[in-house]
Structure formats: structure tokens, C-alpha cells
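Notes follow the structure.
The values are calculated or read from the model by the stated rules, or taken from the named source; none is laboratory data. Small disclaimer: the values here were computed from a predicted structure and weren't measured. Here the Cβ positions follow ideal geometry from the backbone for every residue, glycine too, while neighbour counts run over all protein chains shown. Keep in mind that these areas ignore ligands, DNA and RNA; they rest on the heavy atoms of the full protein, side chains included. Shrake-Rupley method; radii C 1.70, N 1.55, O 1.52, S 1.80 Å.
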Amino acid sequence: AIDSLGYSPVYRYTTDPDSARLRVSFTEVGTGNGDYVQQTFTPNGRVFQWVAPDTVGGLIVRRGLYSPVRVLVAPKSQQMITLGSDIRLSDRTQLAAELAFSNDDRNTFSAVNDGDNAGLAVFTALRHGLPLSRDSTWRLVLGADVEALTREFRAVERFRPVEFERNWNALSVPLDNDQAVATLSMGADGGKRGSAMLSAGTLQVRERYSGWKQGVDMNLHPGRWDLVAEGSYLTTSAPFTSDFLRHKAVLARRMTHFTVGYKDEHERNRFRVDTTGTLTTGSYQFYDWEGFLQSPDSVKNKWRLAAGQRYDRALAQGALAPTATATHYSASIDLMSDPRRRLAASFTYRRLSILDSTLTAQKPEDSHVARIDHDLVALNGVVTLDLFYEFSSGLEPRREFIYVQVPAGQGIYVWNDYNADGIQQLNEFEVANFGYEADHVRIQVPTNAYVRAFGNQFNASLDLRPGAAWSEAGGVRRFLARFSDLAMYRTDRKTGTDDLLRAIDPFRIAVDDTALTAFNSSVRNTVYFDRSSRTWSIDHTYQNDRGKTLLVSGYESRVRENDQLHLRWNTTPRWTVEASGATGRVASGSDFIQGRTFAIEQRSVEPAITYQPGTTFRAQLRFEWEQKDNAAEFGGEQALIQDLGTELRWNSPGKGSVRAAADLVRITFDGDANTSLGNEMLGGLKAGDNLTWSFGIQRDLNDHLQIDLTYNGRKSENTPAVHVGGAQVRAFF
């Protein structure tokens, strides 16, 4: 298209198949460098809108952030070789040296600019120690380090500390020229008593950067005192003037029954354009201190009490002005003296006060985090209990999701074009009923929209095994020993309620709670009788999974509940009869996605018979009857599913296995199959007769290599057959 001002080409987004001619990729090029901005958000990506440039004083001023360009990735090659040595020149002197050569060809198909591919780096370190006296363990330690890199040197992996650029105030400086880092140090080393070092160093990048830094590093343990501290003072003269003063320290006194201490951290970073003293963007200052009282390190049962404050300053009118003050209190305990009973608990309270709301986007708030972790093994292993609980307050982000296509079988979701318009909509993505068709994954995209929320997490598991103590007993205890129970409960809740009792309660699992902003829970309990018996066993499982997510456009919730009774009977060593019956429900709700609100009650019965004469062959025949009824207020649709299936498996020890399966599924359904509800009730199949089949071969080529060949197919009435094949190679090292 051509803009009304004559700019061309201009790309416009459309879903009309008659007008959509191009698939355009956009790249973020920086504010003022592009002609497009993000307009909307769709299930499969962002939509960008043209923004016409302005003309100011005869110059074109662009107003966008994105441009319809994509950086082409050329074939590259990168090699590096290093040679290093540590040399002990004498009992007092050590020398370390390393030489590195790199070759970085950013386009192996082109000889253009190949002259800057090769780079060189050199590092040397010298240490010399002198006894301070004949009868003293203290030594005077002198050191010198030099590191030099040519501008062409490219390391394969990062070799400098993660905060190297920040430590030298060089985050905004391109370190793309010849570099030199040199440090001189002097200090004392007293062995177990600790050490103290002074240092002076410089970083020079030709035509880019110049900085000088002095530092101190102490780790001293005189008597019952401990002092661990580090600090530095940096000044830079190019490309800007700055000074960076920082330190962190811990001072502690070890008593007989406790340790008392103080720790703090301070940073003052000031940037100037010139020597006038006026500060510029990037300048800040903070001071953070804490006093603590804690148990000695040598005891098994530990505790700690602490309190402290943090003061922040930000740039205002060329100077650093107070912006916020935070006060915190914390307490913790960790009881580990008995390995069968462990209890850990902690609590932290933090109050943030904003002194100048024009200098920070943060809001005044009181936040807290409480945590309890308890493990218990009791009655000689009859009871195993694990508990974890955490309560906190903070901000919960609203979420955006996009669906990205991946190779079939490697995703989780599948796209069903319900309205046959060829356009992907949010209500058309479903969890794949057939794993080999799953060709989309859902990726969360960060947003800047937050809501205030209280959060709590609770995880609990209880394993009851009376047989651990009564396996050899008689009478009633022997009968009870045949039972076992495994229960698990997990919740992760974020709620905006003002009621503190509701906020800390982890057992509220109703997804229709309007105060919930994010929620996931899972409840599962299985009772076994004669679980390890070779003749027969029976078990009952109840499971309830719930979830609720706060999206940019509203809420989405999901409930899946199942109650199942399962019976196994080995009538002979070769024949096994199984039967299971289940009831449950599936409910879904959405504020903004049409067709995603339903409540399905379901019942099923599934008998099966298995023939296994040995370890190499197994055959099974099963039948499943299932009825699903949607709630009357959501449409009242009904589905009846009858599934007759068989499976054969051959195993060859050390060689591999072959598996073949087929199912004949007859479905009666009185609703619209081409909807999210239809997909849930039909399991990805169609009303009428359906046939599914699969075949797989697993072959061990040797001890370290395995190959899998799979084939899946299905055929429904009035639709063509679907055939999917795959191959996979596994290597074991």
C-alpha cells in the first residue's frame, strides 16, 4: 500500500484471504528508528501498525519502534586455542601465564573483511610472599596481574565475572577495541586468621574507555571476631566522568551460645557529563544495613533473628535525593537434630515507604513472606509426612500467551479451525487428544499490567504403610497391614481479597472465587488393598485438579475431577482380569473466549482381560463404556462412547520390542462437534464409527544406540484417514 503522504511500501494487517499476500517479519530497531508500533496481540503473534514519520526542519523524524526487516544469519565458524602454565619460581614466588588465540569468521562463504578474524589475548599473574617475622604465621603478599586483548579477540565462552562491566561502570560502553586490565595488590595473609589485601587497577579500552579503581578485601578471624568485607572506589574519565564508591561488610562476634553481628552494603554511583558537578542519568545511591542474632554454626538446630533498613536515593534536578526507605524484620528456625523429624520455618516482614513519588514508580506497601517446611518419618516407617507452606504478598502480572508452531509430536496444543476461516483464534487451541498431532506450544509473554495479590503455596504428601511394622503380625494387625494409602495435596493461590484469614487459607479451592487472580490445585488420594499381591488387588483413586489464570482480557478457569475404583485379578499365572469404574466431571469457564464455558458430568466402566504366557509376549482385549452430559444451563449436550480395543506386544530382551494396537470407537453425540465443547466430549474423534490404530518398533542397535519407528492412524465417518509416522534415534552415553 501507499501512505496518504506518499510513503511506500506500507504494510497493513488483514485476515481477508483475498487481500493477504505477504507474511511480514518485524524486528525491534529502537525508538525513533522504525515506522511501526505494536497495535494488537493475537494467538500467534503481535500485529504492527504503520506510523507515518514527521518532518522537522527538513529532517525526517521516525516515530516507530519496529521495522519490517529481518537480520540474515550467515554461516559462521569460531575457533580458539589456549596455552597456559603455572610456575613455582621459588617457595615464595608463583607465576601464572596464559596465551589465547581466536579465529572468528562471521561469514565463512565470504572473504570480505577476513583481515580482522584473528585475535590474541595474554594473561599473566605474579605472586610473592614474605614472612613478616620469624615466629609469625603472617606473610606480606605482593601481586601483579595483567590482561591484554586485541580488538579482534573473541572468546568462545565468557571468561570474565558476570558483573565485570557493572564493576567498571562500562555497561553502556562497547568494549570492542584493544583492551588492557592491570592490577597491583599488597596485603597480609595469616592462614586460618584470615587475610587483608589492598589493590589498585585500571581498565583501558583504546578510544573507548578509561577507568581507575582502588579496592580493599578482608577476611579476618581474630579470636571470636569475624570480619568479612570488600570495597572499591572507581573513577572514569572517558567516555564520561563518573565515580563509583561501594562496599559490603559483615562483622560478627561469636559467643558461647549465640553469634551477634552487623552487616551492611552501600553503593554511590555518580555520572557527570563534565566537571561541573551536575549529575546525569544513571546516578543513584543506596545504603542497606542489618543487625542479626543467630545460633553458632556448629549446632544442628539453628535459629536466626534479624532487622534492618535500606535507604535509596535517585537523581532529581542534578543531585541525589531521598526516594524510598524500606524496613525489614526476619526470623528463622531449622531443627535438624533428629533426621526423622525436620522442621524449618522463617518469616520476613518488609515495609516500604516512598519519600518522593515523582522519582519512583513503586508504591508504598507492606509485604511479608512466611514459610514452613516439615518432614516426618514415624512408627518405623509406617507414616511418612512431608509438608510445605508459604504465604506472601506482592504483585501478580496479567498474562498474555502466544501459540508457536513446532514439529508434530513435540508440542502440547493443536489448532482446530472451528469456524473454517483460516485464522487462528484463542478459542481454537486445545490440548491435543493425540500426542502425535500436538504441534503448538504456548509461550507466556510478559506484560506491564499488575494487580495487588496475596499468595500462598501448600504442598503435602502422606504415605501410610502399616505393612512396614505389621507384615509379620497376626490377627487384625495382619489384615490392616494389607492396606496402604498415598495422599497428596498441592495448591498455589494468588488472591486479591482484603480478608487475611481467606488469604492465608490454602484449602479454598473454588475457582469461582472472584477474588482469585491465579490458582492451581491438585488433590489425589489412592487407597490400596493387597497392592503387592500376585493374585489380586483393589484400589480406589480420587483426583481433583483445578486452575485459574488472570489474562489481559479476563479470567480462564478449569476443573477436572475423577473418582475411580480399580480391581485386578490374576486368575492364572497367564491370565489377568481387570475392571474399573469411574465418575467425574470436567468444567471450564472463560470471561472472554467464546465456547469455553461448560460443565460435563461423566461416568465410565472399563473391563479388560490380559494374556501373558511369559516375558516376551502380551495381549490385551478391553472395552470401555463412557457417558458424558453437559449441564443444562450450558446446552445440555450428551455423548455416549463405546470403545473396543486390543493391544499386542512382543519383547526381545536385549534386542527391542514391537507394539500394535487398534480401537473401534462408536460415538453418539447430539451437539456441535466443531467446538471446544465437542472436542472435549469426543476426545478428538467424530460422532459415528471411528477406527484408530498404531504400530511401533523399538530396536536396540547396540549398547549405546536405540531407534524407534512409530505409525499412528485414525479414520472417522465422512472424513479422510489420517496417517502419521515418525522415527527417533536415542544415544546413551
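Conditions: (1) open to solvent by 50 Å² or more (accessible area, probe 1.4 Å); (2) under 30 Å from Glu267 (Cα atoms); (3) part of a strand (DSSP E or B). Phe159 meets all but one. Number of the miss?
Going through (1) open to solvent by 50 Å² or more (accessible area, probe 1.4 Å); (2) under 30 Å from Glu267 (Cα atoms); (3) part of a strand (DSSP E or B) one by one, Phe159 breaks only (3).
Answer yes or no: is there a residue in the stretch 571-578 that is loosely packed, with under 14 Cβ neighbours inside 10 Å and over 20 Å from Pro607 (Cα atoms). Please lay out each step first, then the result.
Applying the first criterion (loosely packed, with under 14 Cβ neighbours inside 10 Å) to the stretch 571-578 yields 571-575.
Checking which are over 20 Å from Pro607 (Cα atoms) leaves us with none.
The answer is no, given that none of the residues of the stretch 571-578 is loosely packed, with under 14 Cβ neighbours inside 10 Å and over 20 Å from Pro607 (Cα atoms).
If you go through the stretch 205-231 one residue at a time, how many are open to solvent by less than 60 Å² (accessible area, probe 1.4 Å) and not aliphatic (A, V, I, L, M)? Write out each step before concluding.
Our first condition is that a residue be open to solvent by less than 60 Å² (accessible area, probe 1.4 Å); within the stretch 205-231, this holds for 205, 209-211, 213, 215-216, 218, 220, 226-227, 229, 231.
Still in the list and also not aliphatic (A, V, I, L, M): 209-211, 213, 215, 226, 231.
Summing the residues that are open to solvent by less than 60 Å² (accessible area, probe 1.4 Å) and not aliphatic (A, V, I, L, M) in the stretch 205-231 gives 7.
So which of Pro53, Pro75 ends up being in contact with an Asp or Glu (Cβ under 8 Å, 6 or more places away or on another chain), touching a residue at least 24 places away in the same chain (Cβ under 8 Å) and of a type outside the set (Gly, Ala, Ser)? So that I can check it myself, show each step before the final result.
Numbers: Pro75 fails: in contact with an Asp or Glu (Cβ under 8 Å, 6 or more places away or on another chain).
The conditions single out Pro53.
Could you list, ordered by first residue, the pairs with Cβ atoms under 9 Å in which the first is in the stretch 359-378 and surrounded by fewer than 15 Cβ atoms within 10 Å (Cβ to Cβ) and the second is polar (S, T, N, Q), at least 6 apart or interchain?
Filtered contacts from the stretch 359-378: Thr360/Thr323; Gln362/Thr323; Lys363/Ser357; Pro364/Ser353; Pro364/Ser357; Asp366/Ser393; Ala378/Thr384.
If I filter the stretch 272-330 down to residues being over 24 Å from Arg166 (Cα atoms) and among the aromatic types (Phe, Trp, Tyr), which single residue comes out as least open to solvent (accessible area, probe 1.4 Å)?
Taking the candidates together, the pick is Phe292.
Inspect the stretch 629-638 for any residue being over 30 Å from Gln425 (Cα atoms), free of Cβ contacts under 8 Å to residues at least 60 places away in the same chain, among the hydrophobic types (A, V, I, L, M, F, W, C) and open to solvent by 30 Å² or more (accessible area, probe 1.4 Å) and give the result as yes or no. Give the derivation first.
The initial filter retains those residues of the stretch 629-638 that are over 30 Å from Gln425 (Cα atoms), namely none.
No, the conditions are met nowhere in the stretch 629-638.
Which of the residues belonging to the stretch 168-187 are under 29 Å from Leu142 (Cα atoms) and either open to solvent by less than 40 Å² (accessible area, probe 1.4 Å) or among the hydrophobic types (A, V, I, L, M, F, W, C) (or both)? Walk me through it before giving the result.
Let us first name the residues in the stretch 168-187 that are under 29 Å from Leu142 (Cα atoms), namely 168-170, 178-187.
Those that are under 29 Å from Leu142 (Cα atoms) and either open to solvent by less than 40 Å² (accessible area, probe 1.4 Å) or among the hydrophobic types (A, V, I, L, M, F, W, C) (or both): Trp168, Asn169, Ala170, Gln179, Ala180, Val181, Ala182, Leu184, Ser185, Met186, Gly187.
When the stretch 421-439 is examined, which residues are found to be among the polar types (S, T, N, Q) and either farther than 16 Å from Leu682 by Cα or crowded, with 19+ Cβ neighbours inside 10 Å (or both)?
First, pick out the residues of the stretch 421-439 that are among the polar types (S, T, N, Q): 424-425, 427, 433.
If the condition is that a residue be among the polar types (S, T, N, Q) and either farther than 16 Å from Leu682 by Cα or crowded, with 19+ Cβ neighbours inside 10 Å (or both), then Gln424, Gln425, Asn427 are the ones that fit.
Could you tell me which of the residues Val665, Val586, Val605 is touching a Gly at 6+ places or on another chain (Cβ under 6 Å), hydrophobic (A, V, I, L, M, F, W, C) and not in a helix (DSSP H, G or I)? Give the steps one after another, and end with the answer.
Working: Val665 fails: touching a Gly at 6+ places or on another chain (Cβ under 6 Å); Val586 fails: touching a Gly at 6+ places or on another chain (Cβ under 6 Å).
Answer to the check: Val605.
Condition first: more than 20 Å from Leu171 (Cβ to Cβ), surrounded by fewer than 15 Cβ atoms within 10 Å (Cβ to Cβ) and either of a type in the set (Asp, Glu) or in contact with a Ser or Thr (Cβ under 6 Å, 6 or more places away or on another chain) (or both). Now tell me which residues in the stretch 259-271 satisfy that. Spell out how you get there, then give the answer.
Of all residues in the stretch 259-271, those more than 20 Å from Leu171 (Cβ to Cβ) come to 259-264.
From what's left, surrounded by fewer than 15 Cβ atoms within 10 Å (Cβ to Cβ): 260, 262.
Matches in the stretch 259-271: none.
Check every one of the strands (runs of 3 or more DSSP E) wholly within the stretch 263-359 and list those with 1 or more residues that are among the acidic types (Asp, Glu) and closer than 30 Å to Asn380 by Cα.
Working: elements: 284-294, 302-316, 319-338, 341-354.
Ranges flagged: 319-338.
Out of Tyr450, Tyr418, Tyr389, I need the residue that is crowded, with 18+ Cβ neighbours inside 10 Å and either touching a Leu at 6+ places or on another chain (Cβ under 9 Å) or at pLDDT below 95 (or both). Which one? Walk me through how you get there before you give the answer.
On the way: Tyr450 fails: crowded, with 18+ Cβ neighbours inside 10 Å; Tyr389 fails: either touching a Leu at 6+ places or on another chain (Cβ under 9 Å) or at pLDDT below 95 (or both).
Exactly one residue qualifies, and that residue is Tyr418.
Considering the stretch 510-544 alone, what residues qualify as being in contact (Cβ under 8 Å) with a residue 12 or more places away in the chain, among the β-branched types (Val, Ile, Thr) and open to solvent by 40 Å² or more (accessible area, probe 1.4 Å)?
Scanning the stretch 510-544 gives Val527, Thr535, Ile538.
Please give the number of the condition Thr40 fails out of (1) in contact (Cβ under 8 Å) with a residue 24 or more places away in the chain; (2) in contact with a Lys or Arg (Cβ under 8 Å, 6 or more places away or on another chain).
Going through (1) in contact (Cβ under 8 Å) with a residue 24 or more places away in the chain; (2) in contact with a Lys or Arg (Cβ under 8 Å, 6 or more places away or on another chain) one by one, Thr40 breaks only (1).
Filter the stretch 479-498 down to the residues that are at pLDDT below 85 and open to solvent by 70 Å² or more (accessible area, probe 1.4 Å) and list them by number.
Asp498
So, in the stretch 233-258, of the ones that are of a type in the set (Gly, Ala, Ser) and open to solvent by less than 30 Å² (accessible area, probe 1.4 Å), which residue ends up nearest to Leu198 (Cα to Cα)? Explain how you work it out, then say what you get.
At the first step, the residues of the stretch 233-258 found to be of a type in the set (Gly, Ala, Ser) are 237-238, 242, 249, 252.
Remaining after also requiring open to solvent by less than 30 Å² (accessible area, probe 1.4 Å): 242, 249, 252.
Details: Ser242: 22, Ala249: 15, Ala252: 22 Å.
Checking each candidate, the answer is Ala249.
Tell me which strands (runs of 3 or more DSSP E) are completely within the stretch 38-134 and hold 1 or more residues being surrounded by 14 or more Cβ atoms within 10 Å (Cβ to Cβ), or say none if there are none.
Passing ranges, in order: 45-50, 77-88, 93-105, 118-131.
Somewhere in the stretch 598-615, is a residue at pLDDT below 95, within 40 Å of the chain's Cα centre (by Cα), among the acidic types (Asp, Glu) and open to solvent by 70 Å² or more (accessible area, probe 1.4 Å)?
No, the stretch 598-615 contains no residue that is at pLDDT below 95, within 40 Å of the chain's Cα centre (by Cα), among the acidic types (Asp, Glu) and open to solvent by 70 Å² or more (accessible area, probe 1.4 Å).
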